[in-house]
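Encoded as structure tokens, the structure appears first; notes follow it.
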Amino acid sequence: MESEKKCPHYGAISPITSAMDEADVIILASPVYVYHATGAMKAFLDHYGYRWMVHRPAKSMFRKQGVCISTAAGAGLSSTNKDMADSLFFWGVGEIYRYGKGVAAITWKGVSEKKRASIDKATTALAEKIRKRHGKVKPGIKTRVWFFAMHLMQRKGFNERDAKYWKEMGWTGRKRPWK
């Protein structure tokens with residue numbers, strides 16, 4: 001409620017935070033673990049709850065692209081990618097891609113050559129799509145609507161720390177982070 005700097009891990013994750021802020025693309029990857037992202041990925045995402053739009057989103061996120069990648073020996077790809085994509089969305093990331101592949105193996109060596117070729121083809125196409133969108137990303141209508149709802153909430157001062165941040169950014173007025 002007061003500051004992300006009160007988190008005992010703040011210093012440890014600061015270099016990651018800086019790297020994400022400077023990056024054009026954020027890639028999150030997790031193997032499927034009981035139909036969801038691993039505990040390690042969930043813990044990582046939880047450290048950035050303060051950056052959700054309802055709190056204090058980083059302006060830089062609204063022009064970024066994000067990629068969620070999951071692998072599984074079997075099922076659970078969609079729910080694992082959703083775990084990661086939810087955070088990207090609520091951080092304000094302008095364009096989010098998902099790629100999941102059931103590899104029927106527990107190590108890369110166990111993945112068949114045919115599946116490896118399929119993965120290479122799909123990820124190369126995804127990389128090309130990301131490259132073409134570089135510098136052209138703006139959030140979609142869903143993000144803008146969500147942002148507007150948060151704008152209205154922050155104008156009323158739901159949480160003092162968050163409302164102050166939104167006001168300082170000019171977002172309780174007419175400014176928008178993607179402009």
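The values are calculated or read from the model by the stated rules, or taken from the named source; none is laboratory data. A quick note: this is a predicted structure, and the numbers were derived from the prediction, not measured. In this analysis, Cβ positions are derived from the backbone assuming ideal geometry, glycine residues included, and neighbour counts consider all displayed protein chains. Note: accessible area is taken over every heavy atom of the protein model, side chains too, but ligands, DNA and RNA are not part of it. Shrake-Rupley method; radii C 1.70, N 1.55, O 1.52, S 1.80 Å.
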Would it be correct to say that Glu160 is of a type outside the set (Gly, Ala, Ser) and either surrounded by 15 or more Cβ atoms within 10 Å (Cβ to Cβ) or within 20 Å of the chain's Cα centre (by Cα) (or both)? no
Hits in segment 54-82 - residues which are of a type in the set (A, V, I, L, M) and more than 24 Å from Lys136 (Cα to Cα): Val54, Ala72, Ala73, Ala75, Leu77
Within the bounds of segment 85-98, is there any residue that is touching a residue at least 40 places away in the same chain (Cβ under 8 Å), surrounded by 13 or more Cβ atoms within 10 Å (Cβ to Cβ) and more than 10 Å from the chain's Cα centre (by Cα)? no
So for segment 70-77 (the condition being open to solvent by 40 Å² or more (accessible area, probe 1.4 Å) and under 26 Å from Arg131 (Cβ atoms)), does at least one residue qualify? yes
Residues of segment 21-43 being crowded, with 20+ Cβ neighbours inside 10 Å and either closer than 16 Å to Gly92 by Cβ or over 12 Å from the mean Cα position of the chain (by Cα) (or both), in sequence order, are Ile26, Leu28, Ser30, Val32, Ala37
Which condition does Gly157 not pass, out of (1) assigned to a helix (DSSP H, G or I); (2) on the phi > 0 side of the Ramachandran plot, if it passes all the others? (1)
Could you look through segment 101-150, keep only residues that are among the β-branched types (Val, Ile, Thr) and part of a helix (DSSP H, G or I), and pick out the one that is nearest to Tyr35 (Cα to Cα)? Ile119
On the basis of being within 23 Å of Gly66 (Cβ to Cβ) and at pLDDT below 95, does Lys142 make the cut? no
Just need a number here: residues in segment 89-100 that are part of a loop (DSSP other than H, G, I, E, B) and either at negative phi or touching a Leu at 6+ places or on another chain (Cβ under 7 Å) (or both). 2
